[in-house]
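I have placed the structure first, in the form of structure tokens, so that the comments after it can refer back to it.
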Amino acid sequence: MSDMRKDAARPDAARVAATELWCGLSADQLGTATPDLIVFPERVSQHEIDQAVARCPDAIIAGAISTKGFMRGVIWHQGRNQIDYLKVGNDGRPGSSPSPRREQPTIYESHDLAVGLLICMDFDIPAVRDGVIEQLHRSAAPFKVLCVPADMYSAWFSTEPITPPRLDGIHVAVSNGLVHGDNRLRSFITDRKRMKDANAKQVDREPIRLWLGDNRGAR
């Protein structure tokens, strides 16, 4: 399997100056926003992804869908899923059997973005995680984002900077679901120094966003 997938586009100076990263629970939360990269939680439905495509047809959409008993990673762009990756870790929940395969997930490149994806607890499996991080570092794209669609409880990512240190230079976007209720981890996006960006930390269930490459931050 190839290390990475690319579309035919080349980086554009205008896009580099204003690339928007967005995490939310549903397409309805997008409102009038038109981000470049949308990250949904683990167990998002294909219907929800289709709704996001209808609102933001040019966006890259990341998430994880339960299908045929497995949790499938999704980086949706240009009308199809650009990666082939099943969750490796086993959390014991229905529809999330551990993958019988052990190949590394790939990353996807488009315009100024290199996008990697790890589903929930796979972030904590070095044999899966470290290869994705290495692929992101090898990319020439100016913005590198590791998407983590998840259903994590609050003890995850409880210290900063987040680890491993090899994540320096990469934005980590954790879009977390509602399985754990009030004890759930709140979604967040990090800066390039592995710190949760103060303007992109979820308080309750609201969407969060971060502009990459300029001084606007979140809005």
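The values are calculated or read from the model by the stated rules, or taken from the named source; none is laboratory data. The model shown is predicted, which means the values in this text are computed figures rather than measured ones. As a convention, Cβ positions derive from the backbone with ideal geometry for all residues, glycine included, and neighbour counts pool all protein chains shown. These accessible areas exclude ligands, DNA and RNA; they are computed on the full protein's heavy atoms, side chains included. Shrake-Rupley method; radii C 1.70, N 1.55, O 1.52, S 1.80 Å.
For Lys193, only one of the following conditions fails: (1) of a type outside the set (Gly, Ala, Ser); (2) in a loop (DSSP other than H, G, I, E, B); (3) over 15 Å from Gly24 (Cα atoms); (4) touching a residue at least 60 places away in the same chain (Cβ under 8 Å). What is its number?
So the condition that Lys193 fails would be (4).
For the stretch 150-185, which residues satisfy the criterion of being basic (Lys, Arg) and either under 20 Å from Glu48 (Cβ atoms) or in contact with a Ser or Thr (Cβ under 8 Å, 6 or more places away or on another chain) (or both)?
Correct list: Arg184 only.
Criterion first (part of a loop (DSSP other than H, G, I, E, B) and buried (at least 23 other Cβ atoms within 10 Å of the Cβ)) does Pro105 satisfy it?
Yes.
Residues are listed down the side, and each one gets a yes or a no for (1) outside any loop (DSSP other than H, G, I, E, B); (2) at pLDDT below 95; (3) of a type in the set (Lys, Arg); (4) out of contact with any helix residue (DSSP H, G or I) (no Cβ under 7 Å at 6 or more places or on another chain):
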{"residue": "Gly89", "(1), (2), (3), (4)": "no, yes, no, no"}
{"residue": "Arg93", "(1), (2), (3), (4)": "no, yes, yes, yes"}
{"residue": "Arg101", "(1), (2), (3), (4)": "no, yes, yes, yes"}
{"residue": "Glu109", "(1), (2), (3), (4)": "yes, no, no, yes"}
{"residue": "Phe123", "(1), (2), (3), (4)": "yes, no, no, no"}
{"residue": "Val128", "(1), (2), (3), (4)": "yes, yes, no, no"}
{"residue": "His137", "(1), (2), (3), (4)": "yes, no, no, yes"}
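Considering the stretch 139-156 alone, what residues qualify as being touching a strand residue (DSSP E or B) at 6+ places or on another chain (Cβ under 7 Å), in a loop (DSSP other than H, G, I, E, B) and not hydroxyl-bearing (Ser, Thr, Tyr)?
Ala141, Asp151, Met152
Is it the case that Ala9 is surrounded by fewer than 17 Cβ atoms within 10 Å (Cβ to Cβ), of a type in the set (A, V, I, L, M, F, W, C) and either part of a loop (DSSP other than H, G, I, E, B) or modelled with pLDDT of 95 or more (or both)?
yes
Just the residues that are open to solvent by less than 20 Å² (accessible area, probe 1.4 Å) and of a type in the set (D, E, K, R), please, taken from the stretch 178-203.
Listed by number, the list holds a single entry, Arg184.
How about the stretch 51-68: which of its residues are of a type in the set (S, T, N, Q) and in a strand (DSSP E or B)?
Residues satisfying the conditions are Ser66, Thr67.
State whether the residues of the stretch 43-50 include one that is modelled with pLDDT of 95 or more, in a strand (DSSP E or B) and farther than 19 Å from Val128 by Cα.
Checked against the condition, which is being modelled with pLDDT of 95 or more, in a strand (DSSP E or B) and farther than 19 Å from Val128 by Cα, the stretch 43-50 yields no hits at all.
Could you grab me the full set of residues in the stretch 47-87 that are among the β-branched types (Val, Ile, Thr) and open to solvent by 20 Å² or more (accessible area, probe 1.4 Å)?
Val53, Ile65, Thr67
Out of curiosity, is Asp151 at pLDDT below 95 and within 16 Å of the chain's Cα centre (by Cα)?
no
Determine which member of the set Ile208, Ile133 is within 17 Å of Ile60 (Cα to Cα) and either of a type in the set (S, T, N, Q) or at pLDDT 95 or above (or both).
Ile208
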